[in-house]
1. Can you go through 379, 399 and tell me which one is of a type in the set (Gly, Ala, Ser), assigned to a helix (DSSP H, G or I) and out of contact with any Asp or Glu (no Cβ under 8 Å at 6 or more places or on another chain)?
2. Looking only at residues that are touching a Lys or Arg at 6+ places or on another chain (Cβ under 8 Å) and part of a strand (DSSP E or B) in the range 45-65, which one is farthest from residue 117 (Cα to Cα)?
3. Pairs under 9 Å by beta carbon, first residue on the phi > 0 side of the Ramachandran plot in the range 106-124, partner surrounded by fewer than 16 Cβ atoms within 10 Å (Cβ to Cβ) and among the charged types (D, E, K, R), six or more apart or different chains?
4. Mind checking whether some residue in the range 369-385 is surrounded by 13 or more Cβ atoms within 10 Å (Cβ to Cβ), assigned by TED's automatic domain parsing to the domain that holds residue 169 and within 41 Å of the chain's Cα centre (by Cα)?
5. Kindly list the number of the only condition in (1) more than 21 Å from residue 297 (Cβ to Cβ); (2) of a type outside the set (Val, Ile, Thr); (3) not in a loop (DSSP other than H, G, I, E, B) that fails for residue 239.
6. Residue by residue through the range 23-37, note down the ones that are in contact with a strand residue (DSSP E or B) (Cβ under 9 Å, 6 or more places away or on another chain) and in a loop (DSSP other than H, G, I, E, B).
7. Residue 163 - would you say it is assigned to a helix (DSSP H, G or I) and either in contact with a helix residue (DSSP H, G or I) (Cβ under 7 Å, 6 or more places away or on another chain) or not assigned by TED's automatic domain parsing to the domain that holds residue 345 (or both)?
8. Looking at the range 339-361, is at least one residue within 14 Å of residue 146 (Cβ to Cβ) and assigned to a helix (DSSP H, G or I)?
Amino acid sequence: MLAQLQIRDLAVIEDVTIDLGRGFTVLSGETGAGKSILIDALALAIGERGDAQAIRAGASRLEVLASFEPAPGSTASRWLRDNDLADDDDNCVLRRVIGTDGRSKAWINGRPVPVQTLRALGETLVDICGQQDYQSLRHRAAQRDVLDELAAHGEMLNQVRAAHGASVSADSALKQLASSQRDRDSRLELLSFQVGELNALAPRAGEFAELEREHTTLANRLRIGEALNRALARIYDDEDVSAQVALGVARRALDDVLRFNPDLIATLQLLSEAEAQIGEATEQLRLQLTQLDQDPGRETEIADRLAALRDSARKHRCTTDDLPALLDQLQDELTALGAGEMTLDRLSAAARQRRKELVSLAAKLTAGRQAAARSLIAAVTKNMSTLGMPGGQFEVRIAPLTD
């Protein structure tokens with residue numbers, strides 16, 4: 001119901017507020033008293049066309065505010081919820097402002113909206129009827145509301161709306177997945193190739209840096225070998241000037257005079273330890289020399305492996321260190337896509353089930369409307385004869401909508 005109408009600077013009205021109670025309200029007055037201005041104000045509030053000529057002389061704009069209290073579950077109440085414009089108190093406040101430049105602004109419950117949106121809501125709230133005006137019953141939605149109200153279809157309508165929403169969502173999910181099927185197939189083929197290629201390469205974490213170090217060593221093995229041989233000669237192999245010989249000579253010299261100076265025992269121990277360390281170093285140098293000559297083809301093998309890792313990293317636009325993680329990522333995606341066919345089957349079955357539920361509820365709703373239509377036909381046809389229309393026949397036709 002309309003609870004309050006506020007008008008400011010419209011026609012000859014400067015500022016007026018009308019509070020309306022429940023029930024039937026009549027506004028009466030002489031010609032020119034302003035009854036039509038009140039109707040015009042209400043029409044502006046519900047989105048009807050307006051212009052700057054309606055602004056009171058001397059004012060910069062006109063403003064109209066209409067407060068409604070829509071019944072719970074009414075068409076207006078559902079419209080507000082569906083469009084996220086309902087407030088916490090289930091009230092409905094429409095505000096319209098028109099400036100001297102002709103520009104119009106509109107609000108619903110304090111939120112700005114286009115005038116077309118205001119008009120769409122207004123059609124569910126108010127009928128303004130004149131001698132030549134069409135009434136809301138010309139709208140199919142209003143005609144269905146009459147039948148549904150007569151048949152007490154409130155709960156069934158909620159069930160049909162819920163079933164329709166579920167069916168639309170299921171169809172949308174199915175279509176989205178089906179539309180991506182072609183992309184999925186091509187992606188699946190590419191992933192299979194990439195995963196197979198990376199599996200054949202079998203990159204390991206830290207492998208590239210390890211191979212680079214070994215390759216550097218092998219590439220310079222001649223220089224390294226020469227250095228190892230020189231080191232061996234200086235510390236052990238050269239019988240004339242090696243460190244091992246020099247240490248031996250020094251140790252024996254001190255050993256000869258140890259009986260005259262027992263304090264030299266500590267120095268002799270250090271020399272003995274040095275000889276032992278030189279022996280260990282000699283073994284390690286010889287081992288290094290042996291490893292340099294162990295596999296002549298190893299350098300080529302490593303170079304080929306490094307090149308393969310570099311090429312794969314370049315192809316996938318990542319670093320060589322990222323290749324193992326990339327293989328895991330692509331494998332996971334391949335597995336997920338491989339399960340896509342099962343997902344498509346599930347979505348298809350779900351969409352069919354939601355559609356079946358919707359059709360079943362819609363059939364019940366249609367049967368209820370047909371029963372209400374028969375009752376309405378009989379009642380209206382009977383009353384037509386009392387209105388001077390004997391022989392008149394009222395008809396209601398119910399036809400299914402196309403999908």
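The values are calculated or read from the model by the stated rules, or taken from the named source; none is laboratory data. Bear in mind that the values here come from a model prediction, so they are computed numbers and not experimental data. Here the Cβ positions follow ideal geometry from the backbone for every residue, glycine too, while neighbour counts run over all protein chains shown.
1. 379
2. 55
3. Qualifying pairs under 9 Å: 109/87; 110/87.
4. So far as the range 369-385 goes, yes, one or more of its residues are surrounded by 13 or more Cβ atoms within 10 Å (Cβ to Cβ), assigned by TED's automatic domain parsing to the domain that holds residue 169 and within 41 Å of the chain's Cα centre (by Cα).
5. In the conditions (1) more than 21 Å from residue 297 (Cβ to Cβ); (2) of a type outside the set (Val, Ile, Thr); (3) not in a loop (DSSP other than H, G, I, E, B), residue 239 misses (3) alone.
6. Those that are in contact with a strand residue (DSSP E or B) (Cβ under 9 Å, 6 or more places away or on another chain) and in a loop (DSSP other than H, G, I, E, B): 25, 27, 34.
7. Answer is yes for this residue.
8. The answer is no; no qualifying residue exists.
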